[in-house]
Structures are given as C-alpha cells and as structure tokens.
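The values are calculated or read from the model by the stated rules, or taken from the named source; none is laboratory data. Keep in mind it's a predicted model, so treat the numbers as computed, not measured. All Cβ positions, glycine included, derive from the backbone under ideal geometry; neighbour counts span all protein chains shown. The accessibility values were calculated without ligands, DNA or RNA, using every heavy atom of the protein model including side chains. Shrake-Rupley method; radii C 1.70, N 1.55, O 1.52, S 1.80 Å.
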Amino acid sequence: RGPLSIFFRRTMPPKEDRGPPPKKLTAKDKKRLKEIQKREELENKCKEIAEQTFKTHEKERVLQEKFDRQKRHNEQVRSEQEDERLQKEAKEFAKVWAEFTLRMDLTLKEYHKHQEWDNIVVTSDLPGVNDEANINSFLSVWKEAEHEVPGGEDRKRDIDKDFIIVEQAVALIQNILDEIDSVGVDNFSMATKSKLQPRKGLDFHRQNLINLYTQIQNTLDKLTANVMQYLDQYVDDGDDQPLTLCKSTENIKYGLWCGNKFPRVRSVDYSPLSIVISPKDGAHLPKQLNLMNNVAMRVLQFSYDPQSVHQKDDIGLEYYALGGVVVVETMAVPAAAKLVKDWTLRTETHLATEVHRHPYPPASTDSSGPQAPPIRVSFQVPACVVVRHTAPVIGIWSTKHHCWLPDGTNDFSYDKSTRNATFLTQNLTKLAIIQEKGFDVPYENWYMYPIDQSSVMFVIEGRRRHEISDRVVKILLQNNLCKVLEPEEPELDYLRKAWYTPATLLRHLSNSGYNFVLKDTDADYTPDILPKSHTMEDKGYNDLALFCTTFEFASTRHNKFGEDRNMCLFRVSKAMRDEENNRPLQVDLEDDSKWHTVRYEKERCVLTKCKESNENANIEELPGCDTHLNLYTVMAAEFPQDNIDARINSDELLQNAVKQLLSLVRPFTWG
C-alpha cells in the first residue's frame with residue numbers, strides 16, 4: 001500500500017470488457033450459415049457468368065453490326081448493279097419492242113383492211129354501230145311507226161311486222177356487243193394505241209343498248225295493249241276459251257293469256273313456248289292474281305339480258321344471268337267491247353296503247369293478313385346454257401341494287417330430256433338462271449402450250465369441287481381468233497364450229513355458264529384473292545405472248561405466296577418447242593425437273609428455287625441467276641447460245657390474240 005503500488009495500478013491498462021462468452025452454435029445455426037455461404041457463392045458465380053455472357057454478346061453484337069454493315073453494303077452494291085443492268089436492258093429492249101410494235105401495227109392495219117372489205121361484201125340494212133346519225137334515224141322511224149293507228153277495220157296490229165323490227169333491233173344489239181368487245185380489247189392490244197382504229201366510247205354504245213332495249217319493250221307493250229283492247233278481233237267467233245297468243249322468233253318468245261269472263265284458272269299453259277304457270281298447291285292459281293277480274297298474264301323470254309346494262313362498273317357482282325331473261329307479269333285488261341245491233345261499242349282509255357302492270361305479290365297495307373302463295377313456273381332452258389348443277393338456280397332482278405339476286409325463288413328441279421326447269425317464285429317479275437360470277441375461281445390450273453408455229457392451246461381448269469360442275473376448258477388460238485375445243489357438251493357446239501375474237505368467245509362462254517372475265521371489284525365475293533396490279537399483269541402477258549409458240553407456260557400453286565399485288569409466280573418450261581419436227585410442246589406438269597418457276601414483278605423478273613412439290617415457296621433466285629427486266633431478257637441470259645429474237649413468235653396476229661385472251665382471263669390474279 002505504498003506509492004509504488006498505486007503507480008502500477010494507475011499505469012496498467014484496464015481490463016478489457018469481453019462481454020459474455022459466445023454461445024455455442026447449434027445445428028440449425030450452422031445449417032443457416034452454410035446456406036448463406038452457398039448463396040453468396042452462387043451469386044458470385046452468376047455475376048461471373050453474366051459478365052462472361054455480356055462480353056460474349058457484346059462480341060457477337062460487334063460482329064453482327066459488322067456483318068449487317070457488310071450486308072447493307074453488298075445489297076447497295078447489288079441494287080446499284082441491278083439498277084444499272086435493268087436500265088441497260090430497258091434501253092436495249094426498247095429497240096426490240098419498237099421493231100415489234102411496228103410489225104404489229106402494219107399487220108393489224110392490213111388485217112382490219114381485209115375485215116372492212118369483208119363487211120362490205122356482207123350487206124345489211126342495219127345502221128353501223130359507230131354511225132350515230134343512222135342509229136338515231138333507225139330509232140326515230142321505229143318510234144314514229146309506233147304511233148301510227150293500225151289500218152283496216154279490225155284495228156289489229158301486224159304482229160309479224162312488229163317482230164321483224166324487233167329481230168332487226170336484236171341483230172343490231174349483237175353488233176353493238178361485238179363492237180364493245182373490240183373497244184374493250186383495244187386496251188389489251190400489243191399494237192401502238194395511236195395506230196388502232198378510231199372507235200366510239202363505251203358510254204356511247206351503252207346508251208344505244210339502253211335505247212334499243214327500251215324500244216323493244218315499248219313495241220311489245222304496245223302490241224300487248226292492242227291485243228287486249230281489240231280482244232274480240234283476235235278471238236275466233238264462237239270460241240268460249242280465253243285467248244292464248246304465242247309468238248316465237250329466234251331471240252324472243254312472246255306469250256299472252258287474256259280473258260275477262262272466265263272462272264278461276266287452273267294454270268296457264270303456253271305450250272308452243274314450253275312455258276307453264278301453275279299453282280304450287282291446289283287446283284287453281286292463287287286468287288291474288290285476279291285472273292278472272294279483267295287481268296291478263298304475259299310471259300316473255302329473251303335470248304339476251306337487257307338488265308345487266310344498268311349494272312354499275314365500280315361495284316362487284318356476286319351473280320350474273322345465263323342464257324337470257326324470263327319475264328312473267330300480270331296486267332289490266334280494258335273493258336270488253338259491246339255489240340249493239342250492227343255497232344261495236346269500245347271504250348278508249350290509256351290502256352288502248354299502254355299496259356298497266358299488276359304487282360305480284362299485290363301491295364297490301366295489312367301485313368298481318370295471309371301472304372300471297374308462291375307460283376310454280378316452268379320454262380325451257382336455252383340450248384346454249386350448260387346446267388352445271390342438278391338443277392339451275394333462278395334469281396330475280398333487284399331494281400334497288402341493280403343486280404341479280406337469288407331471292408324469292410326455291411324448289412328447283414330440272415328435266416334433262418326436255419330441258420325444262422321448274423321452280424317456285426314469290427314474285428312475278430324479271431327472272432333468270434343465275435350463277436356465281438366467280439364460280440370457277442380461283443382456277444385449279446391453267447397452262448398454255450404451242451401446237452405449232454401458228455397455233456396455241458390455252459387450258460383452264462376451274463375451281464375443283466369434286467362435283468358434276470368440274471370442267472376443263474380448252475381454247476384453240478389461231479391468227480387473231482379462237483374457238484372452244486372442250487368441254488364436248490352439245491350446248492357449246494356453236495363455239496366449236498366457228499371462230500371468234502377472244503372477247504366475243506369469252507362473252508359467249510360466260511352466257512353458257514363458264515365465266516372467266518371478272519373485275520377487281522368482283523373479288524369482294526372471293527375474299528381469298530387479291531387482284532394483281534394491272535401494270536404488272538399487262539407487262540407479263542406481253543412477255544407470254546412473245547414466246548407463246550416457243551415455251552409452255554403453267555400456273556403454280558405457290559402464286560398466292562406473300563399476296564403481293566406487284567408480284568406473281570408462274571412456270572415456264574425449260575425446253576423449247578422443236579421447230580424442225582413442228583410438234584406440240586406439252587411438258588409433264590408434275591415433273592419439277594422440266595420447269596422453271598418465275599418470280600415476276602412490276603420492275604423485274606427472275607428464275608427462282610421454287611418447286612411445285614415444295615410445301616412452302618422459296619422465291620430466292622437460282623444460283624447464278626440475276627434479276628432482269630422481263631422474260632425476254634431472262635431467256636436471253638438463260639439461252640445465250642441461241643438467238644432469242646429468232647425464237648420469238650413471228651405470227652403477230654396470234655400474239656395479239658394470246659395477249660388479249662390472257663388480259664381478259666387474268667390468270668395471274670385468278671389462277
């Protein structure tokens with residue numbers, strides 16, 4: 001306890017406060033610490049992988065950017081080379097095309113000159129289709145004759161005279177339709193447009209058609225009014241039966257049933273016309289017809305369709321009429337003449353020169369009342385119409401929509417032995433056999449092959465349904481004309497025996513039930529088809545026409561690849577027609593080794609890797625093949641050892657016919 005001890009106590013550090021002794025780790029604590037260590041190790045490993053992946057991706061990105069830059073550079077170089085090549089080919093081909101069109105102009109000029117001489121030899125009293133003054137004079141004289149009071153004591157019209165002028169008008173209508181065909185295909189001609197024959201426009205011809213159709217109807221109405229007004233003059237003395245007047249010409253069937261003192265009618269039978277109007281059920285026609293109350297029934301069957309001229313060009317159509325139109329209607333009969341001693345008293349009203357039609361079903365303000373029952377109509381199908389179903393479908397003309405519709409008719413039947421079609425209709429109006437306008441599209445197949453140096457075969461197989469409607473149509477082209485070879489149906493005999501221009505032949509085929517001419521707006525009813533560019537198609541059909549006697553061309557099922565308006569796919573044979581043997585060139589459509597698939601675009605054309613047997617289309621260029629301006633330059637590169645100019649068809653008329661046919665059928669769009 002001296003000073004020294006105190007010094008040491010003061011200088012020695014204080015004892016460290018270590019706290020309570022650590023607790024002993026339990027098994028649970030050790031397990032948790034082990035998990036934490038594993039998680040840290042895993043995180044560190046992930047960081048290392050992420051860093052390594054980032055470095056790898058960054059390296060790949062740099063390489064990809066370098067590759068993309070090189071690819072863009074190569075594409076730019078290739079595009080520049082392609083543009084340079086196409087420009088050079090365009091200049092060279094312009095010279096070839098100028099020489100070709102010069103030959104085409106001279107050939108067509110000579111052809112039309114001979115046609116004019118042929119027309120001079122075939123004399124006709126009908127006005128020329130482009131002669132506006134003579135057509136107007138023809139109509140004026142006809143109308144003036146309508147107002148003349150029939151001569152003679154009986155005041156009867158000369159029925160034969162009326163039908164003579166009507167038949168003349170129908171003949172003029174056919175001439176106008178032929179001219180419309182020519183006007184339409186002039187746009188598809190391979191000749192220089194300024195060198196084509198000057199023609200009137202479509203509006204001019206359409207208006208003349210409307211005027212002629214109207215005047216024909218006016219003549220038939222005035223004839224009907226005259227018969228009903230002077231009914232006693234048309235009925236034999238002592239005849240207690242109603243009048244059934246029937247008249248048949250080449251293009252019109254006319255039937256009038258007229259009576260005003262007879263009980264309910266069982267049916268109206270126009271036997272000479274093969275037309276019968278009968279009830280659906282029961283023994284008599286419906287009371288709503290009022291046939292026993294001074295009402296007549298008239299039937300007309302035209303060999304043409306006077307309604308379609310009113311259809312609008314900018315609206316697509318789902319249905320069209322085949323073989324003409326049948327009109328069934330009822331109308332008022334004037335009061336009967338009365339005999340007073342030696343005098344005949346006759347009431348003169350507007351019905352003496354006009355007809356007053358009664359609608360059926362009749363207009364009714366009571367919608368809750370009984371509906372007018374349907375009426376059974378039977379008529380003979382025109383000899384030129386192919387019935388491609390078990391029975392023809394009948395439609396009515398819609399005055400509201402200006403088109404044919406399958407409304408208000410049902411219970412169709414057909415007798416092949418008599419060609420009589422029977423159906424029920426809710427409306428007595430304008431009726432016709434109708435068919436879908438796009439019934440045969442998309443084409444199952446199309447191909448075109450040369451037979452010899454002066455003839456080509458074009459074949460279309462319509463949409464395949466595995467039904468009786470399936471057909472293959474073969475069209476033979478020679479010079480500037482063509483005709484049908486198949487199908488071998490009797491209804492098409494008239495198209496096998498004569499030659500027609502492509503437009504006229506296709507119009508007649510359409511009237512017979514095979515329609516291959518559609519507008520872009522008609523695709524509204526074929527939603528799976530996108531119409532191709534007209535510019536691209538026109539260029540392509542020119543190319544096919546150039547080589548129509550050299551190669552065979554065919555469709556490919558891959559044509560819808562990409563649905564690009566400015567691109568299409570078709571096939572061209574690898575072989576050329578052997579000119580020495582002068583045999584047809586027909587290549588097996590199923591043998592891919594004998595075909596090239598062409599990718600044809602608005603600005604270029606190339607042979608591709610695509611094969612018909614491939615599940616998917618491969619439209620990449622064939623190795624060693626470059627894009628070219630058109631098929632001419634492609635073939636010049638494909639066959640460098642041959643003079644490709646020498647293989648171009650030298651028959652300009654045949655080329656022109658092929659171009660027109662392809663432009664109307666449009667296989668690139670509808671095939």
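Checking every residue in the range 78-99 against the condition of being open to solvent by 100 Å² or more (accessible area, probe 1.4 Å), aromatic (Phe, Trp, Tyr) and without any contact (Cβ under 8 Å) to a residue 24 or more places away in the chain gives zero matches.
Got at least one residue in the range 592-611 being part of a loop (DSSP other than H, G, I, E, B), under 20 Å from Ala657 (Cα atoms), of a type outside the set (Phe, Trp, Tyr) and in contact with a Lys or Arg (Cβ under 9 Å, 6 or more places away or on another chain)? Break it down stepwise before answering.
Initial filter on the range 592-611 (part of a loop (DSSP other than H, G, I, E, B)): 602-604, 609-611.
Add one more test, that the residue is under 20 Å from Ala657 (Cα atoms), and what stays is none.
Looking through the range 592-611, none of the residues is part of a loop (DSSP other than H, G, I, E, B), under 20 Å from Ala657 (Cα atoms), of a type outside the set (Phe, Trp, Tyr) and in contact with a Lys or Arg (Cβ under 9 Å, 6 or more places away or on another chain).
In the range 479-506, the residues that are of a type in the set (Lys, Arg) form Cβ pairs under 9 Å with partners that are open to solvent by 50 Å² or more (accessible area, probe 1.4 Å) and not in a helix (DSSP H, G or I), at six or more places apart or across chains, as follows: Lys483/Trp499; Arg496/Leu485; Arg496/Glu486; Arg496/Glu488.
If you filter the range 540-567 down to residues that are among the hydrophobic types (A, V, I, L, M, F, W, C) and open to solvent by 10 Å² or more (accessible area, probe 1.4 Å), you find that the one that is farthest from Phe100 (Cα to Cα) is Phe561. Out of Glu537, Glu590, Glu579, one residue alone is touching a residue at least 12 places away in the same chain (Cβ under 8 Å), within 19 Å of Tyr447 (Cβ to Cβ) and open to solvent by 10 Å² or more (accessible area, probe 1.4 Å). It is Glu590.
Can you tell me which residue is farthest from the chain's Cα centre (by Cα) among those in the range 643-662 that are surrounded by fewer than 16 Cβ atoms within 10 Å (Cβ to Cβ) and without any contact (Cβ under 8 Å) to a residue 60 or more places away in the chain? Applying the filter and picking the extreme gives Asn643.
Within the range 311-319, is there a residue that is in a strand (DSSP E or B), open to solvent by 20 Å² or more (accessible area, probe 1.4 Å) and not basic (Lys, Arg)? Checking the range 311-319: at least one residue is in a strand (DSSP E or B), open to solvent by 20 Å² or more (accessible area, probe 1.4 Å) and not basic (Lys, Arg).
Please tell me if Asn643 is touching a Gly at 6+ places or on another chain (Cβ under 9 Å), among the polar types (S, T, N, Q) and under 22 Å from Arg85 (Cβ atoms). Judged against the criteria, Asn643 is not a match.
Residues of the range 622-638 that are open to solvent by 60 Å² or more (accessible area, probe 1.4 Å), more than 16 Å from Gln81 (Cα to Cα) and within 36 Å of the chain's Cα centre (by Cα): Glu638 alone.
Residues that are among the hydrophobic types (A, V, I, L, M, F, W, C) and not in a strand (DSSP E or B) were ranked within the range 279-309; the one that is modelled with the lowest pLDDT is Met292.
Name the single residue that is modelled with the highest pLDDT among those in the range 348-367 being aliphatic (A, V, I, L, M) and surrounded by 14 or more Cβ atoms within 10 Å (Cβ to Cβ). Selected residue: Val355.
With the condition kept exactly as written, say whether any residue in the range 391-413 is free of Cβ contacts under 8 Å to residues at least 40 places away in the same chain, closer than 27 Å to Asn218 by Cα, open to solvent by less than 80 Å² (accessible area, probe 1.4 Å) and hydrophobic (A, V, I, L, M, F, W, C). Within the range 391-413, one or more residues are free of Cβ contacts under 8 Å to residues at least 40 places away in the same chain, closer than 27 Å to Asn218 by Cα, open to solvent by less than 80 Å² (accessible area, probe 1.4 Å) and hydrophobic (A, V, I, L, M, F, W, C).
Consider Ser182 carefully, then state whether it is modelled with pLDDT of 90 or more and hydroxyl-bearing (Ser, Thr, Tyr). Against the criterion (modelled with pLDDT of 90 or more and hydroxyl-bearing (Ser, Thr, Tyr)), Ser182 does not qualify. Filtering the range 497-551 to residues that are of a type in the set (Gly, Ala, Ser) and closer than 25 Å to Asn480 by Cβ leaves Ala498, Ala503, Ser510, Ser512, Gly540, Ala545.
All of (1) open to solvent by 60 Å² or more (accessible area, probe 1.4 Å); (2) modelled with pLDDT of 85 or more; (3) of a type outside the set (A, V, I, L, M); (4) out of contact with any helix residue (DSSP H, G or I) (no Cβ under 7 Å at 6 or more places or on another chain) hold for Phe163 with one exception: (1).
Give the residues of the range 433-450 that are in a strand (DSSP E or B) and closer than 23 Å to Val658 by Cα, sorted by residue number.
Keep residues of the range 433-450 that are in a strand (DSSP E or B), which gives 433-436, 445-450.
Scanning the range 433-450 gives Asn445, Trp446, Tyr447, Met448, Tyr449, Pro450.
Taking Thr347 as the residue in question, decide whether it is among the polar types (S, T, N, Q) and without any contact (Cβ under 8 Å) to a residue 60 or more places away in the chain.
On the way: among the polar types (S, T, N, Q): yes; without any contact (Cβ under 8 Å) to a residue 60 or more places away in the chain: yes.
So Thr347 fits the description; yes.
Taking the conditions (1) assigned to a loop (DSSP other than H, G, I, E, B); (2) without any contact (Cβ under 8 Å) to a residue 40 or more places away in the chain in turn, Ala617 satisfies each one other than (2).
Can you pull out the residues in the range 211-245 that are open to solvent by 40 Å² or more (accessible area, probe 1.4 Å), in a strand (DSSP E or B) and at pLDDT 90 or above? Please lay out each step first, then the result.
Initially, the range 211-245 is screened for residues open to solvent by 40 Å² or more (accessible area, probe 1.4 Å), giving 211, 214, 217-218, 222, 232-233, 236-241, 244.
Right, trim to in a strand (DSSP E or B) and you get 244.
The answer is none; no residue qualifies.
Residue-wise test of (1) among the acidic types (Asp, Glu); (2) modelled with pLDDT of 85 or more; (3) open to solvent by 100 Å² or more (accessible area, probe 1.4 Å).
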{"site": "Lys15", "(1), (2), (3)": "no, no, yes"}
{"site": "Phe54", "(1), (2), (3)": "no, yes, yes"}
{"site": "His57", "(1), (2), (3)": "no, yes, yes"}
{"site": "Val62", "(1), (2), (3)": "no, yes, no"}
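Of all the residues that make up the range 645-671, how many are among the aliphatic types (A, V, I, L, M), part of a loop (DSSP other than H, G, I, E, B) and out of contact with any helix residue (DSSP H, G or I) (no Cβ under 7 Å at 6 or more places or on another chain)? Give the derivation first.
Initially, the range 645-671 is screened for residues among the aliphatic types (A, V, I, L, M), giving 646, 648, 653-654, 657-658, 661-662, 664-665.
Keeping just the survivors that are part of a loop (DSSP other than H, G, I, E, B) gives 648.
Checking the rest, the ones that are also out of contact with any helix residue (DSSP H, G or I) (no Cβ under 7 Å at 6 or more places or on another chain) come to none.
Looking only at that region, the number is 0.
What residue, among those in the range 440-481 that are open to solvent by less than 10 Å² (accessible area, probe 1.4 Å) and among the polar types (S, T, N, Q), is modelled with the lowest pLDDT? Show your work before the answer.
Going through the range 440-481, the residues open to solvent by less than 10 Å² (accessible area, probe 1.4 Å) turn out to be 440-441, 446, 448, 450, 455-456, 458-460, 462, 469, 473, 475, 477.
Next cut, among the polar types (S, T, N, Q) only: 455, 469.
Details: Ser455: 94, Ser469: 80.
Checking each candidate, the answer is Ser469.
With respect to the conditions (1) among the aliphatic types (A, V, I, L, M); (2) touching a helix residue (DSSP H, G or I) at 6+ places or on another chain (Cβ under 7 Å); (3) buried (at least 22 other Cβ atoms within 10 Å of the Cβ), Leu428 falls short on a single one, namely (2).
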